[in-house]
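Asker: Quick one: structure below, then a few questions.
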Amino acid sequence: MNTNYFTIAVTCSEIYLLSAAKEFAKNNSLPYIDYLESKKYDYLLILSPTGLYLDDVKKKLGLLKIDFLQGRIAYRLNHLQTQKQLLARAIGLKPNFKPIVLDATAGFGCDSFILAQLGCPITLLERSPIIFLLLEDALKRALDHPKFLSLSVRLIKIEALIYLKQITSNIHSSPEIIYLDPMFPHSTKSALVKKEMRILRHLVGEDNDAPNLLKLALTCAKRRVIVKRPRLSSYLAQIKPHHSIFGKQHRLDVYLTHFSN
């Protein structure tokens, strides 16, 4: 696994997970280490009985785990009725219309999981190998739960630009909706300096290709492209949407494509 800007290794929290952790490390081309060796690395992926954790060793931000069943992310998902309404309006959800959605910038997958709960078949793209592993682990655990067995969710590790270029020549394989949630610009506001966002920014980068991603998405989506932005920020790539839907801290810019009826 090519991590370029940081070093990362795998360990486990329980001795009985040793074989599984070593196999996990091998499958992802990562070194397996004893926890006592952790100071040599920037990050540790820790296999535990309750799921996969990421430990930011050098910055000491604590453990990060994506979990749709319990904990902070699960709590937010269960108390985001307004967010669900905003997303439903943005994608044009109707009782007889549950569009196929492509989330080209999956991140921690919160909005994607909401869209899946709303009944939309969804494909998530994630380019960070580390975020992909955390999200893959979280989705496996969630989709095995009886409450979520009916959800249609697929996760692919790939650069979004590469994926969209692959489908531009075949409109039949294009999603009805493309959802973009690029990394917000730097801010001193607390919402953007939380542990999760600091780690995500370090692992993923600044999303400098987001303007090009929007331009390409507009040629691929059959019905709409939705872009999540800070409430008062400029339009992505300076392209004005057909309309915007405002929440308290962010807005959803809605672009209707030329394939729309």
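The values are calculated or read from the model by the stated rules, or taken from the named source; none is laboratory data. No experiment lies behind these values; they were computed from the predicted model shown. Cβ sites come from the backbone with ideal geometry, for glycine too, and all protein chains shown count toward neighbours. Remember, those area values only see protein heavy atoms, side chains included, never the ligands or the DNA or RNA. Shrake-Rupley method; radii C 1.70, N 1.55, O 1.52, S 1.80 Å.
Asker: Report yes if Leu102 is among the aliphatic types (A, V, I, L, M), within 29 Å of Leu164 (Cβ to Cβ) and in contact with a Leu (Cβ under 6 Å, 6 or more places away or on another chain), otherwise no.
Answerer: Against the criterion (among the aliphatic types (A, V, I, L, M), within 29 Å of Leu164 (Cβ to Cβ) and in contact with a Leu (Cβ under 6 Å, 6 or more places away or on another chain)), Leu102 does not qualify.
Asker: List every residue pair whose Cβ atoms sit under 9 Å apart, with the two residues 6 or more apart in sequence or on different chains, where the first one lies in segment 234-261 and is modelled with pLDDT under 90 and the second, anywhere, is in a helix (DSSP H, G or I).
Answerer: Lys248/Thr82; Gln249/Ala191; His258/Leu218; His258/Thr219; Phe259/Ile171
Okay, residues lined up against (1) open to solvent by 30 Å² or more (accessible area, probe 1.4 Å); (2) closer than 20 Å to Ile66 by Cα; (3) in contact with a Gly (Cβ under 6 Å, 6 or more places away or on another chain); (4) outside any strand (DSSP E or B):
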| residue | (1), (2), (3), (4) |
| --- | --- |
| Phe6 | no, no, no, yes |
| Ala21 | no, yes, no, yes |
| Phe24 | yes, yes, no, yes |
| Leu36 | yes, no, no, yes |
| Lys39 | yes, no, no, yes |
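Asker: Got a number for residues in segment 46-59 being in contact with an Asp or Glu (Cβ under 8 Å, 6 or more places away or on another chain) and either farther than 18 Å from Leu135 by Cα or assigned to a strand (DSSP E or B) (or both)?
Answerer: 7
Asker: Something else now. With the checklist (1) open to solvent by 20 Å² or more (accessible area, probe 1.4 Å); (2) touching a strand residue (DSSP E or B) at 6+ places or on another chain (Cβ under 6 Å); (3) touching a residue at least 40 places away in the same chain (Cβ under 8 Å) in hand, flag the one item Pro31 doesn't pass.
Answerer: That leaves (3) as the condition not met.
Asker: Hey, can you tell me all the residues within segment 230-259 that are of a type in the set (A, V, I, L, M, F, W, C), farther than 17 Å from Asn212 by Cβ and not in a strand (DSSP E or B)? I'd like the intermediate steps shown before the answer.
Answerer: Taking segment 230-259 and keeping what is of a type in the set (A, V, I, L, M, F, W, C), we get 232, 236-237, 239, 245-246, 252, 254, 256, 259.
From what is left, the residues that are farther than 17 Å from Asn212 by Cβ are 232, 245-246, 252, 254, 256, 259.
Scanning segment 230-259 gives Leu232, Phe259.
Asker: Return only the number of the condition from (1) in contact with a helix residue (DSSP H, G or I) (Cβ under 8 Å, 6 or more places away or on another chain); (2) without any contact (Cβ under 8 Å) to a residue 60 or more places away in the chain that Phe6 does not satisfy.
Answerer: Condition (2) is where Phe6 drops out.
Asker: Among (1) under 28 Å from Leu218 (Cβ atoms); (2) more than 16 Å from the chain's Cα centre (by Cα); (3) free of Cβ contacts under 8 Å to residues at least 40 places away in the same chain; (4) crowded, with 20+ Cβ neighbours inside 10 Å, there is one condition Pro99 misses while meeting the rest; what is its number?
Answerer: (3)
Asker: Please find, among Lys140, Lys165, Lys147, the residue that is surrounded by fewer than 18 Cβ atoms within 10 Å (Cβ to Cβ) and closer than 22 Å to Leu45 by Cα. Spell out the reasoning first.
Answerer: Details: Lys165 fails: closer than 22 Å to Leu45 by Cα; Lys147 fails: closer than 22 Å to Leu45 by Cα.
Being surrounded by fewer than 18 Cβ atoms within 10 Å (Cβ to Cβ) and closer than 22 Å to Leu45 by Cα holds for just one of Lys140, Lys165, Lys147, which is Lys140.
Asker: Here is a further query. Quick one: is Asp111 at pLDDT 95 or above, buried (at least 18 other Cβ atoms within 10 Å of the Cβ) and out of contact with any Cys (no Cβ under 6 Å at 6 or more places or on another chain)?
Answerer: no
Asker: Any chance segment 138-148 includes a residue that's among the acidic types (Asp, Glu), at pLDDT 95 or above and out of contact with any helix residue (DSSP H, G or I) (no Cβ under 6 Å at 6 or more places or on another chain)?
Answerer: Looking through segment 138-148, at least one residue is among the acidic types (Asp, Glu), at pLDDT 95 or above and out of contact with any helix residue (DSSP H, G or I) (no Cβ under 6 Å at 6 or more places or on another chain).
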